[in-house]
Amino acid sequence: MSDIEVSEVSSRRDRDAFIKFPWRIYVDDPAWVPPLIIERKAFLDRKRHPFYRHGDAALFLARRNGEIVGRMMASDDPNYNTLHQSNVGCFGLFDSIDDVDVAKALFDAAAKWSRDKGRSEILGPIDYSTNYVCGLLIDGFEHPPAVLTAHNPPYYQRLLEALGFEKEKDWYAWWFSEFSKPLDRLRRIVQARTAKHGVKIRRFDLKNLAGESQRIRSVYNQAWRNNWGFVPFTEAEADHMAKEMRSLISPGGTLIAEANGVPIGFVIAIPDIHIPFRRMNGRLTWFGLPIGLLRLIYHRFTLRIGRMVALGVVEKYRCAGVAEALVLRVIEEGFDTGELSMTLEDNFMINRFIEAMGAQRYKTYRIFKRTLT
């Protein structure tokens, strides 16, 4: 390992190199979708991203003989540790050539950074927190990643396990397209249950973006608080995410369930813009022309392939058919086919419902954990 040098990113040049390194790793991967470079810069901007109002992160690059061979982010979320009475740091944005020495050098740097924060364990891959992209893909590599999900080569799991990381939790991704014949019967049952509890479902009001985002935040923080890995969305994070996703919110895809005028559930489903991303190579313009931007706008209004990004129902209404009604409504009004993700492996109620609809589990994402010695 003496020829491997790991340094913390401290310049714009290194930040740009950090962002563009994946192009080397995935050059021969037909399933990879290049991210938008402008979006990656905004995500890593310490002055703009709301995570840095309460948390901290550092970026690392590994070089061998001056050539970049790996990258990693280490992050620290005091809100998570306070809530769970834990003492963990996180790693994310991990990419490396197939070399355990390179991976070890990166993890050593991230581990030291986390130990300096007083942490005794490290979790990942998690980009900032579980409210953002997280998980290492361990099956379904042949399928392109849906929007706001991860993708990686199969050998990453081997590298992590060689460094002593063990499974902490699995998440599932489901593909829905052809629905089972009993779906009509299921719809009637769900409608009867929601009507019994006075539940009404309405579309997200884009004209009141700030108010609607805070309503969803309130439901999310109540609904998910007992789930593994939960960390509450701050007001700043909810506002930031709503603004970032505003152009993706479709009328039939983002819905709020209310009982007596009070929000008690929500679902967010957006067009899978990774489909046009695959041909844009990370850029919105070519030769000074907004070709990528025009392509993105076109697909935004024509795509019938989507991803259900988030679903939440407060505990009191878990058995009132609200989650099921929200999902069925999205299918009817929003998207014909696409991905529903991510669901916890031990969320048996929602997983059984998804299977009953005829969706197929086609990917598994894993969170790994290791003690810092």
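The values are calculated or read from the model by the stated rules, or taken from the named source; none is laboratory data. From a predicted model like this one, the values you see are computed outputs, not experimental measurements. Methodologically, a virtual Cβ is constructed for each residue, glycine included, from the backbone with ideal geometry; neighbour enumeration extends over all protein chains shown. Only protein heavy atoms, including side chains, enter the accessible area calculation; ligands, DNA and RNA are left aside. Shrake-Rupley method; radii C 1.70, N 1.55, O 1.52, S 1.80 Å.
Values computed for the structure shown
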| item | result |
| --- | --- |
| Output for segment 6-24, where each listed residue is of a type in the set (G, A, S) and open to solvent by less than 40 Å² (accessible area, probe 1.4 Å) | S7, A17 |
| Scope segment 108-117; condition without any contact (Cβ under 8 Å) to a residue 60 or more places away in the chain and open to solvent by less than 20 Å² (accessible area, probe 1.4 Å); matching residues | A110 |
| Those residues of segment 338-355 which are free of Cβ contacts under 8 Å to residues at least 60 places away in the same chain, open to solvent by 30 Å² or more (accessible area, probe 1.4 Å) and among the aliphatic types (A, V, I, L, M), in sequence order | M349 |
| Residue count, segment 21-39 (criterion: touching a strand residue (DSSP E or B) at 6+ places or on another chain (Cβ under 9 Å) and not hydrophobic (A, V, I, L, M, F, W, C)) | 3 |
| Filter pass, F335 being among the aromatic types (F, W, Y), at pLDDT 80 or above and buried (at least 23 other Cβ atoms within 10 Å of the Cβ) | no |
| Scan of segment 356-373 for residues that are exposed (fewer than 15 other Cβ atoms within 10 Å of the Cβ) and either among the aliphatic types (A, V, I, L, M) or free of Cβ contacts under 8 Å to residues at least 12 places away in the same chain (or both), ordered by number | A356, T373 |
